[in-house]
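Enquirer: Dumping the structure here so I can ask a few things about it.
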Amino acid sequence: MRLRLLVIVPVLVLGIFGCGGSGSGGSTNEQFFYRFTNIIPFISGVDFLVDKQVQVPNLQYAGHTDYFETDTEEPNMFIDAVDSVTQEIIDAIVITKRRDASVHIYALGVRGGPQQQQPEAQIIPIEVIRTTPQGNARLIVVHGYVRRAGTQTPNIDLLRSGQIQPIVEDMPFANAETVNVPPGTYTLTARFAGLLSGEFLFRRNVELLAGHVYVALLRGVEGQAGALEPIIDIFEEPVFDP
């Protein structure tokens with residue numbers, strides 16, 4: 001297993017009909033915040049280790065934690081994702097901590113996926129801008145959707161009702177992008193990048209409130225039902241103004 005050193009940088013923020021908010025003031029404590037989500041299919045669960053100690057045992061598919069916090073005295077944090085049954089290491093990364101930064105760590109992909117033209121299981125850290133967006137909602141789009149075995153997983157476009165052009169274009173698997181969206185109730189649709197039709201995921205009646213931060217997580221496996229059925233999963237990130 002090759003350890004990856006990752007310096008976290010914020011995902012791109014795009015303004016749509018307005019501007020996002022920014023933090024004010026400063027924190028007297030140099031804290032770093034992190035949380036976990038697991039969307040690796042076909043295994044029982046994932047243990048997340050921080051600095052070689054189990055922090056989250058057996059996180060089930062589609063499960064996510066609240067934020068943990070730590071100080072920045074030690075600049076690096078070692079993260080391992082381990083199959084909770086076999087105890088085999090899925091992936092390992094090193095994150096460089098920054099004061100008041102928040103990182104959402106996703107486990108995604110398929111174990112042994114490249115043998116079936118599917119993306120390999122991995123962990124990715126995404127920095128979340130949790131300051132209150134002024135007048136808008138902030139939407140963090142994450143691509144974790146996997147096509148069926150024998151079919152390559154493409155880049156995706158994400159569209160919302162009321163707008164012709166995609167709000168996110170040509171996003172590769174295991175990537176994220178942040179957009180500021182006017183408050184309202186929308187239908188979100190995903191299609192393979194560059195196509196003018198053929199939406200394969202829908203999420204209707206998505207209410208986005210001003211001043212809130214949301215995740216739109218594309219997850220699931222093509223052709224699967226139940227827990228692994230492909231969906232656009234919507235949940236909130238807690239706002240934090242240091």
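Enquirer: For a quick protection proxy, order the peptides 37-47, 229-239, 170-180, 191-201 by their average other-Cβ count within 10 Å, most packed first. Please report the intermediate quantities before stating the final value.
Expert: Working: 37-47: 21.2, 229-239: 15.2, 170-180: 19.5, 191-201: 12.6.
In descending order of packing, they fall as 37-47, 170-180, 229-239, 191-201.
Enquirer: If packing is taken as the mean number of other Cβ atoms within 10 Å per residue, what is the order of 115-123, 85-93, highest first? Before the final figure, lay out each step's value.
Expert: Values: 115-123: 18.2, 85-93: 15.0.
The densest-packed peptide leads the list: 115-123, 85-93.
Enquirer: Another question, then. Work out how much length Q152 to N205 would gain on full extension: take 0.36 nm times their residue separation and subtract the Cα-Cα distance, in nm to one decimal.
Expert: Numbers: separation 53, 0.36 × 53 = 19.08 nm, distance 3.00 nm.
Separation in residues times 0.36 nm, less the Cα-Cα distance, equals 16.1 nm.
Enquirer: How large is the charge dipole for the range 10-237, taken about the Cα centre, if only the Cβ atoms of Lys, Arg (+1) and Asp, Glu (-1) carry charge, to the nearest 20 debye?
Expert: Numbers: 15 positive and 26 negative charges, 133 e Å.
Dipole size: approximately 640 debye.
Enquirer: Something else: Using a 7 Å offset from the Cα along the Cα-to-Cβ direction at both Q165 and T86, what is the distance between the two label points in nm, to one decimal?
Expert: 4.5 nm
Enquirer: A further question follows. Based on the alpha-carbon gyration tensor of the chain and its eigenvalue square roots a ≥ b ≥ c, which shape applies: rounded if a/c is under 1.5, prolate if not and a/b is larger than b/c, or oblate?
Expert: Details: a/c = 1.94, a/b = 1.03, b/c = 1.88.
Oblate shape, in that a/c is at least 1.5 and b/c is the bigger or equal ratio.
Enquirer: Still on this model: What shape does the range 25-135 have by the C-alpha gyration tensor, where a ≥ b ≥ c are the square roots of the eigenvalues, rounded means a/c under 1.5, and otherwise prolate means a/b greater than b/c and oblate the rest? If you can, show how the numbers build up before the last one.
Expert: Details: a/c = 2.29, a/b = 1.75, b/c = 1.31.
Judged from the Cα gyration tensor, the range 25-135 comes out prolate (a/c at least 1.5, a/b above b/c).
Enquirer: Along the Cα→Cβ direction, 7 angstrom out, place labels at R111 and D51. What is the inter-label distance in nm?
Expert: So the label points at R111 and D51 sit 2.8 nm apart.
The numbers here are math on the coordinates, done by the rules we state, and not lab data. Remember, it's a predicted structure, so these values are computed and weren't measured experimentally. All Cβ positions, glycine included, derive from the backbone under ideal geometry; neighbour counts span all protein chains shown.
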